[in-house]
Amino acid sequence: CASAAVSSYDRQAKTFIDLSSERYFKLYDQIAAETYSANNEEDFEALFSKLTNVKRIADELVGISREASGFDLAKVRSTEIKAALQELRTVGDLFVLGEDYFSSVQMNLASLQKMSTDKDIEPYLNGAKMPNEDDSPLAYYPDIQKIVQRSSDVDELKYYWETWRDKNQIWASVNFYTIVQSYQKAAQILEIPVHQLWYRYDSQEMLQQMEQAMAELKPDYQQLHAFVRDELHKKYGGDVVNANGPIPDHLFQQVMEQAWEEGSIIEAYFPRKDLPQYDDFVKQLSAKALINESESFYTSLGFDSLSADFHKNQLKDPNEDRPDDDCRPALFDLTPHVYMMYCEKVSFRKLMQYHGHMARVYYAEQKKRLPSYYFKAYNLEYPVGEAVVLSASSPTHLTNRGLAKGVQFTPNSLQNRLFRMGIHTVLNIPLYYVHTKVMHDLLNGTVDMDTVNKHYWKLLEQHAGIEPPADRTEGAIDFPYKFYVNIDQNYQTKKFISEILGYQLYRALCQKSNHRGQLHNCDFYGNFVVGNSLKAMMSLGSTKPWKQVVGKVLPKNSGLSSLALLEYYQPIVDWLKTHNAQTKVKIGWNATTKSKC
């Protein structure tokens, strides 16, 4: 009798999760359609109607969460049904906050995004260094970012670093902490650990994996750090850069922003003029042609072409009347029915972005037969996109596709390209880790808003060898603008995993394509073996633990590892070790002397 009763309970739960999975997809399709069809010119009534619809949908999603929580997991025999119920408990997400989500959280998130785009920063020296001495206020993105990409004036860089943070100190503190509290409150309502809501997978295991990758990266990161610090010390002197200490953050950011510019930190060794102008490769193409070129990479691996319906009704350029608008492409991929918005601006960077975004489109297609509770795939769409971008940006691929017409990639230009990529990639990884750790520690209460800035600088010094440009005052909040971008989507953790795991996938796929030669010039375009491996992984969604899913491409998978990335950049690491030995620079850094209140 007891056995029959339990089986009946499982059947009841199974009926619920099947219906809820269909409802989940239907509801999120409605939200995506509302967002996709929105435009800035709509009148108030139309926008209010859409908001009302989203609120209704949010209430239904919260209802699914509550119903799932009503099942007693101790009575459920099937491990699959138990896992499905646990996943469905979380679908209410921040919507469980009710009206607070729409009246407060949404405004807080929008305010954090606007901190980088509001034109409220007075230009340095009242605009004396701006074209035509224009004294109009600037936004951090893109105005000040462009200044950082070209400026070698240390006082100018320090001015913008400090002024933007001082301007936004209170704004950042209030809005950001409200987001932290919202996740804590939502997790309490959903009766799940806050980190489960934030990460969407086993947070403790993933943090350990990230720490392992950081430990592997550290020795070679310190070699690059030592070279960068020595070059900055020679350029700006010991009063600005301590030859044995951490690197001031405003100059660290300058080095990364200028990685592909003339006058970068490596200009004396690898001049930018020896590399092609990558934007020239795509200057004859339209924005839609960039999308088509990205799609062709996946079809060359054996994936189906995207449907005519997708191209007509789920793909659009909302900025076609603004051809120079460097917008951020947007995707809605929480269900198999993916929507994508792209930008009118044509550049090589955009082409690579679309190669990465297409991984999300094709991943959703491969998962389309899975129920909603298995549809999320540990964010593996992002490292797959990273692996494809590494292949698509290789000189071999650019030459074979006819994009690099008349360009000869010499051994020296390959090294030049690799060094610039390495600066941008390797220097960013510890930042992604620190940003992840800061959020992790705030959510679990290890630190609070009064102590988080000191904690942030301690982590930055420990893991990245960075210090503030000057003493910091009590109450300062010094996170960069990128920390707040898509913060509700845990973007910094996604970036860390996509970089590290992306190189692991890339190396494995190159091995499957029987690549010979140095890893950094491998192209697996057109290889069906690679495509079949990716399909095998993608189609699993989250039906198995993440290591087993990734194991379809990495058969000896032991988790996140920096070793593939370091193999990719091995020629640069070898150059750095030789150069640093010759210049006798310190490897590592002494403690900062700056105050970090």
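The values are calculated or read from the model by the stated rules, or taken from the named source; none is laboratory data. Note that the structure is predicted; figures quoted are calculated from it, not measured. So basically every Cβ, Gly included, is an ideal-geometry build from the backbone, and we count neighbours across all protein chains shown. Heavy atoms of the whole protein, side chains included, go into the accessibility calculation; ligands, DNA and RNA do not. Shrake-Rupley method; radii C 1.70, N 1.55, O 1.52, S 1.80 Å.
Listed values, structure above:
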quantity	calculated
Portion, in percent, of the accessible area of the chain that falls on carbon or sulfur, probe 1.4 Å	49 percent
Spatial separation of Cα centroids for region 430-509 and region 130-155, in angstrom	25 Å
Label-point separation, residue 211 to residue 412 (7 Å along Cα→Cβ), nm	4.6 nm
Heavy-atom surface of region 440-531, accessible at 1.4 Å and reported per residue (Å²)	37 Å²
For region 118-262, accessible area per residue (1.4 Å probe, heavy atoms of protein chains only), Å²	45 Å²
Solvent-accessible ranking of 424, 520, largest area first, probe 1.4 Å	424, 520
Nearest-ten-degree value, helix 2-37 long axis tilted from longest Cα axis of the chain	50 degrees
With all protein chains modelled, accessible area of residue 576 [1.4 Å, Å²]	0 Å²
For a label point 7 Å along the Cα-to-beta-carbon line of residue 260, residues of region 409-425 with backbone N under 15 Å	416-425
Accessible surface ranking that places the most exposed of 378, 36 first, with a 1.4 angstrom probe	378, 36
Set of lysines near residue 556 by C-alpha distance (under 25 Å), chain-local residues within fewer than 8 positions excluded	218, 367, 376, 494, 495, 512, 535, 544, 547
Heavy atoms of residue 147 accessible to a 1.4 Å probe, total area in Å² rounded to 10	10 Å²
Highest-first arrangement of 525-535, 440-450, 398-408, where packing means the average Cβ count within 10 Å	525-535, 440-450, 398-408
Nearest 10 degrees, 0 to 90: helix 528-538 Cα axis against the chain principal axis	60 degrees
Residue 198 accessible area, 1.4 Å probe, all protein chains in place, Å² to nearest 10	10 Å²
Amide N proximity, region 333-352 versus residue 283 label position 7 Å along Cα-to-Cβ, cut-off under 14 Å	346-348
Surface/4 estimate of mean projected area, convex hull on alpha-carbon atoms of the chain, nm²	28.1 nm²
Proximal lysines relative to residue 316, as straight alpha-carbon distance under 21 Å, when same-chain residues fewer than 8 apart are discounted	50, 283, 288, 345, 350
Rounded FRET efficiency, nearest 0.05, which uses the C-beta distance separating residue 304 from residue 547 and R0 of 35 Å	0.80
Alpha carbon convex hull of region 484-597, projected area averaged over orientations, nm²	11.8 nm²
q = 0.14, 0.19 Å⁻¹, region 193-318: log10 I(q)/I(0) [Debye, one scatterer per Cα]	-1.00, -1.01
Chain lengthening between residue 201 and residue 586 when straightened (0.36 nm per residue, less Cα-Cα)	134.6 nm
Label-point gap, in nm, between residue 558 and residue 77 - each point 7 angstrom along Cα→Cβ	4.0 nm
Pair residue 128, residue 102: separation of 7 Å Cα→Cβ label points (nm)	5.2 nm
Per-residue [θ]222 nm for the chain (sum of -39500 (n - 2.57) over DSSP H runs n ≥ 4, rounded to 500)	-18500 deg cm²/dmol
